[in-house]
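Note sheet for the following structure.
The values are calculated or read from the model by the stated rules, or taken from the named source; none is laboratory data. Quick caveat, the model's predicted, so the values are computed rather than measured. Cβ sites come from the backbone with ideal geometry, for glycine too, and all protein chains shown count toward neighbours.
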Amino acid sequence: MIFPDAMLGMLGGGQLGRMFTLAAHSMGYRVTVLDPDPLSPAGAIADVHLKAAYQDREALQQLADTCAAVTTEFENVPAESLRWLASHCTVRPAGDAVAVAQDRIREKAFVKSCGIAVAPYAVVESEADVAKTGSALFPAILKRARFGYDGKGQARVANADEARKAFVELGSESCVLEQRIALKCELSAVVARGADGIGRAFPVAENRHRNGILDVCIVPARVTPELAQRAEQWALTIAEKLNYCGVLAVEFFVSEAGELLVNEMAPRPHNSGHYTMDACATSQFEQQVRTLCGLPLGAPKLLSPVVMVNLLGEAWQHGQPLWERVFNVPEAKLHLYGKHEARAGRKMGHYTVLGESADTALQKAVIVRSALYPDWND
């Protein structure tokens, strides 16, 4: 086990790295962040900020020499950097596990190999591959195999002709053509798995999106206990089969017919797990510290129903948001990420609202959201 006041390394300086750093500091650890952005949210509060590229060998060597263990906050960190670090110090999760989640083609094949359901799909690596898919997949969504997030790198297509055009517009890069599912709702399960192989799941979240970006997260999810339990177990199974050590998020579709399907996974803490900071006995970021340091996992018990709402750059379009609308709600908790520029679609922070039930928390959260986004008509 790695104990305070050891130095921990973080590849990536965004908001997830920032919240990891806050959790690590509260537990008595020090943190070195490697991120090329001089204004990175995590770098601003870390003990050491290495302003260098993720492949920079000198910076990686400094991490290896000074850190007892290293982790990451985003799946698109070069897996090769993780592999190189692993030959010099403890790295969790392993680069090989992260590499699976970096590629939708590998990811979907892996999930299927676990005996877990995914939406019908086809691999598209050329225009000719589109013709081979047949009409049964349409309408569909064409998704880049790599570097897509928050709805980016995707296109809705009604037929093969649209799919071919979209493939070219997406740079003729490898893609997944996935059948569009009539959705009842979307869920996510955040799990932690320790170096000893023991895994624990946080309560399943029910997620609402806007323009491909998570908007509102409701916990506990308003689904049957059996469905929630299956989602948790599938996420734990995926972590086990990956031989994963760290915090892992798995996103799910629930079809109108009630079928549970894996959408994708993220080898890190997840936006939909931010509710754990205020509503659980252990947050997802404390679990990340624990898994990295080989400590026993904390209890993921939900202490209160909760709703989390993302704060995007749109809330700043008329100047500073009306923060009193958040602070006037005693059950609300505000978290800002220290970003210096508010842009449309950029995650600037979030707030949570606790309640006696998920529905009462949602009612209050939506009222606050309407005040912060007066130009959104939904």
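Count, please, the residues in the range 4-52 that happen to be in contact with a Lys or Arg (Cβ under 7 Å, 6 or more places away or on another chain), of a type outside the set (A, V, I, L, M, F, W, C), surrounded by fewer than 22 Cβ atoms within 10 Å (Cβ to Cβ) and in contact (Cβ under 8 Å) with a residue 40 or more places away in the chain.
1
What pairs come up if the first residue lies in the range 238-265 and is surrounded by fewer than 24 Cβ atoms within 10 Å (Cβ to Cβ), the second is at pLDDT 95 or above and basic (Lys, Arg), and their beta carbons are under 6 Å apart, counting only those six or more places apart or on different chains?
Listed by first residue and then by second, the contacts come to 254/184; 256/184; 260/230.
From 336, 292, 362, 372, grab the single residue that is within 21 Å of the chain's Cα centre (by Cα) and in contact (Cβ under 8 Å) with a residue 60 or more places away in the chain.
Being within 21 Å of the chain's Cα centre (by Cα) and in contact (Cβ under 8 Å) with a residue 60 or more places away in the chain holds for just one of 336, 292, 362, 372, which is 292.
Which of the residues spanning the range 15-42 are under 21 Å from residue 292 (Cα atoms), over 20 Å from the mean Cα position of the chain (by Cα), outside any helix (DSSP H, G or I) and not basic (Lys, Arg)?
27, 28, 29, 31, 32
In the range 180-190, how many residues are crowded, with 17+ Cβ neighbours inside 10 Å and either under 18 Å from residue 136 (Cα atoms) or charged (D, E, K, R) (or both)?
Result for the range 180-190: 2.
Out of the residues in the range 184-232 that are among the charged types (D, E, K, R) and in a helix (DSSP H, G or I), state the one that is farthest from residue 344 (Cα to Cα).
If we filter the range 184-232 for residues that are among the charged types (D, E, K, R), which is where we start, we get 184, 186, 193, 196, 200, 206, 208, 210, 215, 222, 226, 230, 232.
When the remaining residues are screened for being in a helix (DSSP H, G or I), the result is 226, 230, 232.
Numbers: 226: 38, 230: 36, 232: 33 Å.
Ranking the qualifying residues of the range 184-232, first place goes to 226.
Can you tell me how many residues within the range 343-359 are without any contact (Cβ under 8 Å) to a residue 40 or more places away in the chain, part of a loop (DSSP other than H, G, I, E, B) and either among the charged types (D, E, K, R) or within 27 Å of residue 203 (Cβ to Cβ) (or both)?
2
Can you tell me how many residues within the range 117-134 are assigned to a helix (DSSP H, G or I) and surrounded by fewer than 15 Cβ atoms within 10 Å (Cβ to Cβ)?
Total meeting the criteria: 4.
Looking only at residues that are surrounded by fewer than 20 Cβ atoms within 10 Å (Cβ to Cβ) and among the small types (Gly, Ala, Ser) in the range 98-116, which one is modelled with the lowest pLDDT?
Here the residue is 99.
Those residues that are surrounded by fewer than 14 Cβ atoms within 10 Å (Cβ to Cβ) and more than 22 Å from the chain's Cα centre (by Cα), I need them from the range 135-172; list them, please.
135, 136, 139, 156, 158, 159, 161, 168, 169, 171, 172
So which of 123, 77, 118 is under 22 Å from residue 238 (Cα atoms) and in contact with a Gly (Cβ under 9 Å, 6 or more places away or on another chain)?
Working: 123 fails: in contact with a Gly (Cβ under 9 Å, 6 or more places away or on another chain); 118 fails: in contact with a Gly (Cβ under 9 Å, 6 or more places away or on another chain).
Checking each option against the conditions leaves just 77.
How many residues does the range 283-323 hold that are closer than 25 Å to residue 101 by Cα, assigned to a loop (DSSP other than H, G, I, E, B) and of a type in the set (Ser, Thr, Tyr)?
Of the residues in the range 283-323, 1 are closer than 25 Å to residue 101 by Cα, assigned to a loop (DSSP other than H, G, I, E, B) and of a type in the set (Ser, Thr, Tyr).
From the residues in the range 282-316 that are small (Gly, Ala, Ser) and surrounded by fewer than 21 Cβ atoms within 10 Å (Cβ to Cβ), which one is farthest from residue 31 (Cα to Cα)?
Among those residues, the one meeting the criterion is 304.
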